[in-house]
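All remarks here apply to the structure that follows.
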Amino acid sequence: MTRNESNQVQTASSTPGPTRAARVRSIVVGTIIVLCVAYAVFDSVHSRVEAKAELVRVATNSAIPSVSVVYPKGGTAAEQIELPGNTQAFTDTPIYARTSGYIRHWYVDIGARVKQGQLLAVVETPELDQQLRQAKANLANAESNQQIADITATRWQNLLKTDSVSHQEADQAVSDLHSKEALVDSNKANVDRLEQLQSFERIVAPVDGVITARNTDIGALIQADTTAPKELFHLSAIQKLRIYVPVPEVYAPSVKTGDKAAVTLDAFPEQAFTGTLVRNANAIDSASRTLNVEVDVDNSSGLLMPGAYAFVHFKIAAKRGSVTIPSNALLFRAEGLRVGVVRNSHVSLLPITIGQDYGDAVEVLSGLSSRDAVIVNPSDSIANGAQIQVEGNPKDGGRQ
């Protein structure tokens, strides 16, 4: 064998080696491609399955209503209510004349502070003076007649002892004496009446106070008319003021006689006065459903004036077991007041009893606890037992 032939034989024997390597590489590449395609197909199918499951979940959740809830605020603290009232003088009295005549002089005008018994005006009564003089003359005449009748009766009684006169004549003398005595008593009573009327010429202050009105002048005719009397002066005792306050029925049990109450007025915005609840009507007014309460305020300084508009601040004790919830959580149903509560993802409509109304919130006396998740802004169509889901984080309810 020649050298050329041997080279050709060697070349032919080394050819299958590279062909197998290429086949192996082809198989590996093909396998990778198949795996990639299979992964792409799996990923696409998996994504579609997840999207479908999410769609089903969203659709299911959308079918369940979502609500917001709050938790009632328990342990309500003592609060203060502010009620309006008008200040009144402790004694407020009109002053009239008790006798007819003319005003001779007046001594006080509006704003004057007077003491009890102080002279306010003098009424001139010439007709009354004449009547009194006549009555005194009649009394003197009656007393003279009584003295003669007394002497006569005594004389006839002595003569009767000696049978100098009859019993009839003695009895007539005694009877005449009794008649004259009665006439004297009558004339004395008339004199006392006229003297009493004459004393009313001096118009005096019945109590310490301030003159708030003067409705007469010098020379004015005064008629002591009991049907339509004319007021001469008006007197107000302002050392202590009364304030009558209508307390709503719901607060009536909380106000007690002897309690202190702060009193404020618009005229003194930075100052509070102390009042005392001295009495109440002990009955609810059927027209206004309020309890009439009297609060007295010391006004020895004279700073306050009767007739002013005032506000009385009462402290109301907290009720045990009560909670407060927002007003927009209430449901008004035909069967009564209800509140929606979430329990085990379902609605429970609970009957409640409310106490005080704070405007944006109400006090619940019974039916709820601070652990109940109360639905706010519930739909009018919400039904008892309906499935529900809570959105967001529940908040603490109660007054803000």
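Of the residues making up the range 327-379, those that are among the charged types (D, E, K, R) and in contact with a Phe, Trp or Tyr (Cβ under 9 Å, 6 or more places away or on another chain) are Arg338, Arg371, Asp372. Can you tell me which residue is least open to solvent (accessible area, probe 1.4 Å) among those in the range 304-326 that are at pLDDT below 90 and not in a strand (DSSP E or B)? The extreme case among them is Ser322.
Look at Glu127 and say whether it is closer than 30 Å to Ala213 by Cβ, outside any loop (DSSP other than H, G, I, E, B) and open to solvent by 70 Å² or more (accessible area, probe 1.4 Å). Yes: the conditions hold for Glu127. Of the strands (runs of 3 or more DSSP E) lying entirely inside the range 168-271, not one carries at least 1 residues that are more than 30 Å from Ile316 (Cβ to Cβ), open to solvent by 60 Å² or more (accessible area, probe 1.4 Å) and in contact with a helix residue (DSSP H, G or I) (Cβ under 7 Å, 6 or more places away or on another chain). Being within 20 Å of Asp259 (Cβ to Cβ), touching a residue at least 24 places away in the same chain (Cβ under 8 Å) and open to solvent by 60 Å² or more (accessible area, probe 1.4 Å) is the filter here, so list the residues in the range 273-290 that pass it. Selection gives Thr274, Ile284. Here the range 106-140 is the region considered, the condition is being without any contact (Cβ under 8 Å) to a residue 12 or more places away in the chain and not charged (D, E, K, R), and the residue that is farthest from Phe200 (Cα to Cα) is Ala140.
When Leu139, Leu160 are checked against the criterion of being under 19 Å from Gln196 (Cβ atoms) and either at pLDDT below 90 or in a helix (DSSP H, G or I) (or both), Leu139 stands alone in meeting it.
Is one or more of the residues making up the range 125-140 more than 30 Å from Leu183 (Cα to Cα) and charged (D, E, K, R)?
Checking the range 125-140: not a single residue is more than 30 Å from Leu183 (Cα to Cα) and charged (D, E, K, R).
Annotation: of all residues in the range 380-393 being in a loop (DSSP other than H, G, I, E, B) and open to solvent by 60 Å² or more (accessible area, probe 1.4 Å), the one that is modelled with the highest pLDDT is Asn384. Of the listed requirements (1) of a type in the set (S, T, N, Q); (2) in contact (Cβ under 8 Å) with a residue 60 or more places away in the chain; (3) more than 20 Å from Gln389 (Cα to Cα); (4) open to solvent by 20 Å² or more (accessible area, probe 1.4 Å), Asn377 misses just one: (3). Looking at Ala63, Ala51, just one residue is more than 30 Å from Leu265 (Cα to Cα), modelled with pLDDT under 75 and exposed (fewer than 10 other Cβ atoms within 10 Å of the Cβ), and that residue is Ala63. Filtered by the rule that a residue be in a strand (DSSP E or B) and either touching a residue at least 40 places away in the same chain (Cβ under 8 Å) or open to solvent by 60 Å² or more (accessible area, probe 1.4 Å) (or both), the range 350-359 gives Pro351, Thr353, Ile354, Gly355, Gln356, Asp357. Pick from Val362, Val293: which is in contact with a helix residue (DSSP H, G or I) (Cβ under 9 Å, 6 or more places away or on another chain), under 19 Å from Arg242 (Cα atoms) and open to solvent by less than 80 Å² (accessible area, probe 1.4 Å)? The conditions single out Val293. May I ask you to verify whether Val165 is open to solvent by less than 30 Å² (accessible area, probe 1.4 Å) and without any contact (Cβ under 8 Å) to a residue 12 or more places away in the chain? Taking the combined requirement at face value, the residue satisfies it.
The values are calculated or read from the model by the stated rules, or taken from the named source; none is laboratory data. Bear in mind the structure is a predicted one, so any value in this text is a computation, not a measurement. Every residue, glycine as well, gets a Cβ built from its backbone with ideal geometry; the counts of neighbours run over all protein chains shown. Each accessible area value is taken on the protein alone, full model and side chains, heavy atoms only, with ligands, DNA and RNA left out. Shrake-Rupley method; radii C 1.70, N 1.55, O 1.52, S 1.80 Å.
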